[in-house]
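The values are calculated or read from the model by the stated rules, or taken from the named source; none is laboratory data. Keep in mind it's a predicted model, so treat the numbers as computed, not measured. Here the Cβ positions follow ideal geometry from the backbone for every residue, glycine too, while neighbour counts run over all protein chains shown.
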Amino acid sequence: MSTLPKIALIGNPNAGKSSLFNSLTGLRQKTGNFPGVTMDKLTGPWEIEPKKEVEILDLPGIYSIYPKSIDEELVINILGNPAHEDYPDMAIVVADASNLKRNLLLFSQVRDLGIPTVLALNMIDVAENEGYVINSLKLARELNVEVAEINAKKGIGVNGLKLAVNKTLANRYASNDALPLPVADALIEDIQSQFGEAEPYRCLLWLMEHDRMKMFSKAQREAFDHLTEKHDFSPKSYKSQETVKRYELLTEVVDRCVINLNRQWDAAPVKTLTDRLDKVFLHPVGGYLFFLAILFVMFQAVFTWATYPMDAIDGGVAYLNDWLKGILPASALTGLLTDGLIAGIGGVLIFVPQIAFLFLFISLLEETGYMSRVMFIMDKLMRRFGLNGKSVVPLISGVACAVPAIMSTRSIGSRKDRLITILVTPLMSCSARLPIYTVLIALVVPEKSTLFGMFNLQGLALFVLYLLGFFMALISAYVMKLILKAKERSYFIMELPTYKGPRFKHVALTIWNSVQAFVFEAGKIIVAISVVLWVLASYGPGDSMSKIADQVRVENPQLSGITLSNKIASEKLENSYAGHFGKFIEPAIRPLGYDWKIGIALITSFAAREVFVGTMSTIYSLGGEVEDENATIKNRMRAEINPATGKPLYDMALGFSLLIFYAFAMQCMSTLATTYRETKSWKYPLIQFTYMTALAYLSAFAVYQLLS
């Protein structure tokens, strides 16, 4: 556990908290898990003085300390419990200066908990453009805290924030002992006598939210219920009245410290760039068309721009393997190194360019503020299928990875909406499917350009696959909406941030973290399974493997050279442990057009979808029948012949059958584990796995039968 002073970044969603965190920590940030929950936390060191660092903790964005969703519960479980391992020594509350009064509500609640607090006024430039001038010095005196003006996107004001933090850490002033809305002294005294000395407002937080706070036992919760009855206290009534009272007090503060030039000059409100752009992006028809156009361009770019570095990596790995086989003696160790380890590593590295381009676009959409508009316009459509606007965040995040996407459903207040979103999110085509799509599309879709050479057919196929996943998620959600019954009503409330230019340092940081996670997390699984698979594919039961070379020479005396070597390798693979297993499951997958080699890849990829390509790379490195040993995985698969027809195995029917299977199949153990942790039941992962596997099998069967 870190011994550095801990500072929590707290703020409303879209206030710029995460941008500030990136500015302060840069590439030194770390990802972990909050104790007792599955939600990620970001931490990183920040040097506030020469040779003096503090630890920054980025908490989820919230509007109030009274939680309405699971991620908001996480925040009060930290801020409300001084014994929590992530409890901060102080807090920086990041406020949107263009909407100061609303943002100050959360600030006043955090301050009243007794946590030393600094107020960071972000987006001062936006406030000024909208006609607001803030007197920060006067605001600091009114609130009795240090106030710093910053621009988190551009990293402006960090030195002033350092001074404010140092002063606050030294003086430790923070609390407003007076409650905004008084309660009976006897109630506070009873809470303190039973649960320990604490600030009056913290005592009330315990009383009102004890059911959501993990620090209390069942007996303690019952004691709180008894105190509520004894003092005839209504938590719901107090929360609403307290919020109104806070806004009254904060309105007076803002009126004294903020000048509204529009009101002063009796001028009409300024029409900002955000207002003008929203007329297009939020248009009831044009908004959807523009979003589809963005997705279309994004997947065109992901497929076409990444082609050159991918081909270079693919060819480079094949060349390295060929070179090593030429200089190293023929042995099991050489085979393990080249056909096992290096083939597995190549199966990871080849897709780094596409993943980097995918996250480039996602990061740009988030950085500019457009992603919030997508949630807003999609809310009406989502509700027809049993979801709401907040479901868009997990669904779009699912394009990157289903694991954090499912965890992000914590912001959805309705249990039914959240559960349906969890169950359908894995249907979105994640980055793990991208390697499979890339290889199979290259095999069955011509590399042609259409419409004056602007669009690539392979990029169009990729776009259609992503759309297919989205529409299947909506259809599945609609079916679940009819099955799952719930009386609660869901609401969608969110703030639309102003449009901003992306800070490319943050974009680069997002790409770096995403690629790093793929290489070191998914990569470990791919390489490990590749090595295990090499062992299973290189050895077989009894002494059968040692006799194959002689049998092939006797049965095929006309063969020699590389052709003979390929034939021996193919026979050895078929008689290996992996080959026997593939033959065992072949009858079940034959109706889909798959042979025993593909069957091996299907089974290994249940650990993680992206393992499919690494498996095929290993299989065809060992058993592929091509004249060129330096051939890439795509060329090896393209050269594979269907023994029943004598034609290429990977024709349009088989290729599209596999594409549809992987578009719908639940083949990710991490996703199933995350669903279990988020739902606290094995029932829902089982439902998820069953319906997605059945959907994948039946869809792939239909496609193969129609096209063959």
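With respect to P88, determine if the residue is buried (at least 20 other Cβ atoms within 10 Å of the Cβ), in the same structural domain as G16 (by TED's automatic domain parsing) and either of a type in the set (K, R) or part of a loop (DSSP other than H, G, I, E, B) (or both). When the stated conditions are applied, P88 passes them.
F581 passes every criterion in (1) part of a loop (DSSP other than H, G, I, E, B); (2) closer than 25 Å to V439 by Cα apart from (1).
Of the helices (runs of 4 or more DSSP H) lying entirely inside the stretch 644-708, those carrying at least 3 residues that are over 24 Å from V399 (Cβ atoms) and among the hydrophobic types (A, V, I, L, M, F, W, C) are 652-664, 683-707. Residue check: is R256 touching a helix residue (DSSP H, G or I) at 6+ places or on another chain (Cβ under 7 Å), at pLDDT 90 or above and over 26 Å from V183 (Cβ atoms)? The answer is yes for R256. In the stretch 273-331, the qualifying residues are those that are of a type in the set (V, I, T) and touching a residue at least 24 places away in the same chain (Cβ under 8 Å), and the one that is farthest from P446 (Cα to Cα) is T274. Of the residues that make up the stretch 27-48, is at least one buried (at least 16 other Cβ atoms within 10 Å of the Cβ), modelled with pLDDT under 85, more than 24 Å from K390 (Cα to Cα) and touching a helix residue (DSSP H, G or I) at 6+ places or on another chain (Cβ under 9 Å)? So far as the stretch 27-48 goes, yes, one or more of its residues are buried (at least 16 other Cβ atoms within 10 Å of the Cβ), modelled with pLDDT under 85, more than 24 Å from K390 (Cα to Cα) and touching a helix residue (DSSP H, G or I) at 6+ places or on another chain (Cβ under 9 Å).
Among the numbered conditions (1) within 23 Å of F107 (Cα to Cα); (2) polar (S, T, N, Q); (3) not assigned by TED's automatic domain parsing to the domain that holds E146, the only one that N166 does not meet is (3). Each residue in the stretch 584-601 was checked for being in a helix (DSSP H, G or I) and in contact (Cβ under 8 Å) with a residue 60 or more places away in the chain, and 4 pass. So, in the stretch 127-164, of the ones that are touching a Pro at 6+ places or on another chain (Cβ under 9 Å) and not acidic (D, E), which residue ends up nearest to D89 (Cα to Cα)? Looking at the filtered set, the residue picked out is V145. Only one entry in A522, A477, A517 is modelled with pLDDT of 85 or more, buried (at least 17 other Cβ atoms within 10 Å of the Cβ) and not in a loop (DSSP other than H, G, I, E, B), namely A477.
Here R276 meets the list (1) within 20 Å of the chain's Cα centre (by Cα); (2) within 30 Å of N388 (Cα to Cα) almost entirely, failing just condition (1). Selection of the stretch 114-136 for residues being modelled with pLDDT of 90 or more and part of a loop (DSSP other than H, G, I, E, B) yields I115, P116, N135. Which one is farthest from I589 (Cα to Cα), of the residues in the stretch 655-708 that are among the basic types (K, R) and over 19 Å from the mean Cα position of the chain (by Cα)? Applying the filter and picking the extreme gives K680. The residue list I150, I156 contains one member that is at negative phi and free of Cβ contacts under 8 Å to residues at least 60 places away in the same chain, which is I156. Within the stretch 333-386, the set of residues being closer than 25 Å to A301 by Cα, of a type outside the set (V, I, T) and touching a Gly at 6+ places or on another chain (Cβ under 9 Å) comprises G346, G347, L349, E367, R373, M375, M378. Take N129 and tell me if it is under 16 Å from L24 (Cα atoms) and surrounded by fewer than 17 Cβ atoms within 10 Å (Cβ to Cβ). The answer is no for N129. Applying the condition of being of a type in the set (D, E, K, R) and surrounded by fewer than 22 Cβ atoms within 10 Å (Cβ to Cβ) to the stretch 569-597 and asking which residue is nearest to A549 (Cα to Cα) yields E571. Taken together, the residues in the stretch 178-228 that are under 40 Å from the mean Cα position of the chain (by Cα), surrounded by 15 or more Cβ atoms within 10 Å (Cβ to Cβ), free of Cβ contacts under 8 Å to residues at least 12 places away in the same chain and part of a helix (DSSP H, G or I) amount to 0. In the stretch 680-708, the residues that are free of Cβ contacts under 8 Å to residues at least 24 places away in the same chain form Cβ pairs under 7 Å with partners that are of a type outside the set (D, E, K, R) and not in a helix (DSSP H, G or I), at six or more places apart or across chains, as follows: F689/M666.
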